[in-house]
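Beneath this line is the structure, given in structure tokens, with notes to follow.
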């Protein structure tokens, strides 16, 4: 009887160790869409609507914070009180975060009631990302009028993203 319990314990520990090993080896640092255009997701089941709403609101909030920070950078660059090279570094980091947000939303299966809202959100996030790229390019060219123009674009993107975020707060 004691030998049998010992054998079950060793078997259980071995199985647990194997699961931990497999789980540790298969993790990726970055989630990328398998094929977002065809509607393939990394998740197998949709989140409940309330969880998905919270998730999306959080993702949008991070994107809006990035945009607001770059608008502040643009204002300060326009005034001459912030170095352009630092603004370029900041916008480059923000673009990476925006890409990550878009990729995360792409691979997360939405609640059925939020599929259209998800598409709108992705479209607006991609627009915001393009505005940030234009801002980065304007900084690289040191073009003051383009910097101002992209700042206004980013403010419009913030308003649009805030509007879609309100859908998820309802």
Self-check item: In nm, spacing of pseudo-spin labels at residue 61 and residue 162 (7 Å Cα→C-beta vector)
Solution: 1.5
Exercise. Could you work out the mean projected area of the convex hull around the alpha carbons of the range 36-169, in square nanometres to one decimal?
Key: 7.7
Practice problem: Describe numerically, in nm with one decimal, the distance between label points set 7 Å from Cα along Cα→Cβ at residue 82 and at residue 54. | Solution: 3.3
Quiz prompt | Theoretical gain in end-to-end length, residue 123 to residue 89 [0.36 nm per residue, Cα-Cα removed] | solution = 9.8 nm
Quiz item: What FRET efficiency comes out for the pair residue 134/residue 169, r = Cβ-Cβ distance, R0 = 30 Å, nearest 0.05?
Solution: 0.55
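Each reported figure results from applying straightforward, stated rules to the coordinates on display, with no laboratory input. Bear in mind that the values here come from a model prediction, so they are computed numbers and not experimental data. Note that we place each Cβ from the backbone using ideal geometry, even for glycine, and neighbour counts take in every protein chain shown.
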